[in-house]
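This report concerns only the one structure given below.
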Amino acid sequence: MTQLITTQPILKGNIARSINPNGLKKYIRNQIEYVESKGEYNGPKKVLVLGASSSYGLAARITTAFGGGADTIGVSFERGPKNGNMLGSAGWYNNIYFRQFAEQHGLIATNFIGDAFSDQMKDDVINYIKTSFGGKIDLLVYSLASPKRIDPANPEKIYTSVIKPIDKAVTGYNLNLEKNEMVEQTIEPANQSEIDQTIKVMGGEDWERWIDFLKKADVLVDGFKTVIFSYIGSPLTYSFYHEGTLGVAKDDDDIHAKAIQSKLESLNGKATVIVNKAVTTKASLVIPIFPVYCIALYKVMTAKGTHETPIMHQDRTFRTMLYGKQPKWDEKGRLRPDSWELESDTQAQTKDLLQKITPDNFKTDLTAYRTFKTEFMNLNGFEVNDSISDQVDFDELVQLKP
Ligand code: NAD
């Protein structure tokens, strides 16, 4: 049976309500080709990626597989097609198409769909590593971005993360991609409970819990590495990011990195916080005010030739830093591929440009609004390439399994 659906972009504010699986397939292919164009490198061989279905986690999976020749396990929380016409989430198809391409390349690519915070998921993945993945892994990438976390010890308890400043309200302009508008917004400060819950969801506690489970199960090789993705960003965004709830949660990564490092000493292992660049992702689009910083930053970085998408950024990080010879460490032992974003002339020009951006001119070539919106549409399989069909066969898509 054939049931054709015509896909078209539907946005609700900065959240996509529709996808084009044909475009997603091409978008994955493009990312693979980018990595292949850079050649092979001596990377990890057995990789577990938590948060593997989109943006930074997916990019880490693509570079380790197609640059380093790694077999990969990906864990993510995604929705498949249902009810005869609901296509599901972009990440659902990213998992499927990544697996198909990896298998064509002779690599193992296994997807687990469900809650990475749960003990059940940890047990299931460990069981799979032991029975079907060669027994051990040499890299764990922690790239979860989530609005909530169920407490593993008490399923009744659900922590919710918020993106708010601390101590003082912040007013600034935000973008609305649905309406192509720039609107002023005030974010009220978080209370203590909101701060604590955001640390529970977006901090490093679950990362350390994964390491505890994996180590106890003896599935880590000697020389094992683990990384978590962090963001510090520019003083221009400190008031609502670095000094806000998310920044405090990211500081928590550093604390857990130290604890994990000591647990890995006996394995000659290494735990690393990687501080990444600002990029266009599902998660970054819901950070208030951040999108306006991005359209200024991207304009400046594009002119300098330093703007990167998630695949460009992670591929560079993995091949030249984590598994390469030019790592850039900071005084706290974190890896800093975000140094391009923070170059002083880039920041000075971004600051100047931000002062010139208004609701009347933000869509013009003064800024990188067009690039930003296109990158966002790409995440959902739109505007990837003119020749991509907007028609999909629902019954065919339902047959695809992660
Ligand atoms: P994203 O929203 O694109 O991806 C999040 C991933 O987490 C998805 O694969 C999703 O399925 C998965 N996920 C969410 N909840 C889950 C759950 N309960 N169980 C299993 N999987 C779950 O996010 P992103 O922007 O790529 O962010 C990844 C990490 O990178 C975050 O820690 C983020 O803070 C960090 N980071 C992002 C930026 C940026 O500009 N976007 C910059 C620096 C660092």
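The values are calculated or read from the model by the stated rules, or taken from the named source; none is laboratory data. Nothing here was measured: the structure is a model prediction, and the numbers come from that model. A quick note on method: Cβ atoms are made from the backbone with ideal geometry, for glycine too, and the neighbour counts reach across all protein chains shown.
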Exercise. Test Asn154 against the criterion of being in a loop (DSSP other than H, G, I, E, B) and either over 18 Å from Leu50 (Cα atoms) or out of contact with any Asp or Glu (no Cβ under 8 Å at 6 or more places or on another chain) (or both), and give yes or no.
Key: yes
Practice problem: State all residues of segment 291-325 that are touching a Pro at 6+ places or on another chain (Cβ under 9 Å) and among the aromatic types (Phe, Trp, Tyr); if no residue qualifies, say none. | Solution: Phe318, Tyr323
Practice problem: Having 3 or more residues that are in contact (Cβ under 8 Å) with a residue 40 or more places away in the chain, surrounded by 20 or more Cβ atoms within 10 Å (Cβ to Cβ) and of a type in the set (A, V, I, L, M, F, W, C) is the bar; report the helices (runs of 4 or more DSSP H) wholly within segment 299-402 that clear it. | Solution: 369-379
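For (1) more than 22 Å from the chain's Cα centre (by Cα); (2) part of a loop (DSSP other than H, G, I, E, B); (3) farther than 22 Å from Ala283 by Cα; (4) among the small types (Gly, Ala, Ser), each residue gets a yes or a no:
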position: Val183; (1), (2), (3), (4): yes, no, no, no
position: Ile195; (1), (2), (3), (4): no, no, no, no
position: Trp207; (1), (2), (3), (4): no, no, no, no
position: Asp218; (1), (2), (3), (4): yes, yes, yes, no
position: Asp222; (1), (2), (3), (4): yes, no, yes, no
position: His242; (1), (2), (3), (4): no, yes, no, no
Quiz prompt | Pair list, Cβ < 6 Å and 6+ apart or interchain, from segment 90-108 residues that are assigned to a loop (DSSP other than H, G, I, E, B) to residues that are surrounded by 24 or more Cβ atoms within 10 Å (Cβ to Cβ) | solution = Leu107/Ala65
Self-check item: Residue count for segment 360-402, restricted to those that are more than 28 Å from Met312 (Cβ to Cβ) and within 21 Å of the chain's Cα centre (by Cα)
Solution: 0
Quiz prompt | Flag for Phe213 being in a helix (DSSP H, G or I) and either within 22 Å of Arg336 (Cα to Cα) or not basic (Lys, Arg) (or both) | solution = yes
Self-check item: Positions within segment 129-147 being in a helix (DSSP H, G or I) and within 24 Å of the chain's Cα centre (by Cα), in sequence order
Solution: Ile129
Practice problem: For Val286, indicate whether it is on the phi < 0 side of the Ramachandran plot, within 14 Å of the ligand (Cβ to nearest atom) and modelled with pLDDT under 95. | Solution: yes
Quiz item: Does segment 249-261 contain any residue that is within 15 Å of the ligand (Cβ to nearest atom), of a type in the set (Asp, Glu) and touching a residue at least 60 places away in the same chain (Cβ under 8 Å)?
Solution: yes
Quiz item: Taking Glu194, is it more than 16 Å from the ligand (Cβ to nearest atom), under 22 Å from Ser161 (Cα atoms) and not aromatic (Phe, Trp, Tyr)?
Solution: yes
Quiz item: What residue, among those in segment 109-118 that are hydrophobic (A, V, I, L, M, F, W, C) and part of a strand (DSSP E or B), is surrounded by the fewest Cβ atoms within 10 Å (Cβ to Cβ)?
Solution: Ile113
Quiz item: If we keep just the residues of segment 102-123 that are in contact with a strand residue (DSSP E or B) (Cβ under 8 Å, 6 or more places away or on another chain) and away from the ligand (no atom under 12 Å from the Cβ), which is nearest to Lys200 (Cα to Cα)?
Solution: Thr110
Practice problem: Looking at (1) in contact (Cβ under 8 Å) with a residue 40 or more places away in the chain; (2) more than 28 Å from Phe117 (Cα to Cα); (3) of a type outside the set (D, E, K, R), find the lone condition where Ser37 falls short. | Solution: (1)
Practice problem: Specify the residue that is farthest from the ligand (Cβ to nearest atom); the eligible residues are those in segment 134-167 that are surrounded by 18 or more Cβ atoms within 10 Å (Cβ to Cβ) and small (Gly, Ala, Ser). | Solution: Ser161
Quiz item: For segment 228-237, which residues satisfy the criterion of being touching a helix residue (DSSP H, G or I) at 6+ places or on another chain (Cβ under 7 Å), more than 10 Å from the ligand (Cβ to nearest atom) and not small (Gly, Ala, Ser)?
Solution: Leu236, Thr237
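Here's the yes/no breakdown for (1) within 17 Å of Tyr142 (Cα to Cα); (2) within 16 Å of the ligand (Cβ to nearest atom):
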position	(1), (2)
Thr186	no, no
Arg209	yes, yes
Ala217	no, no
Leu220	yes, no
Practice problem: Of the numbered conditions (1) over 13 Å from Gly203 (Cα atoms); (2) within 12 Å of the ligand (Cβ to nearest atom), Leu267 fails exactly one; give the number of that condition. | Solution: (2)
Quiz item: Yes or no: Gly305 closer than 30 Å to Gln355 by Cβ and more than 10 Å from the ligand (Cβ to nearest atom)?
Solution: yes
Self-check item: Verdict on Ile113 being out of contact with any Cys (no Cβ under 9 Å at 6 or more places or on another chain) and either within 27 Å of Ile199 (Cα to Cα) or hydroxyl-bearing (Ser, Thr, Tyr) (or both)
Solution: yes
Self-check item: Residue among Thr171, Thr131, Thr72 that is of a type in the set (Val, Ile, Thr) and within 14 Å of the ligand (Cβ to nearest atom)
Solution: Thr72
Quiz prompt | Residues located in segment 266-276, provided they are closer than 21 Å to Glu331 by Cβ and either more than 16 Å from the chain's Cα centre (by Cα) or in a strand (DSSP E or B) (or both) | solution = Lys270, Ala271, Thr272, Val273, Ile274, Val275
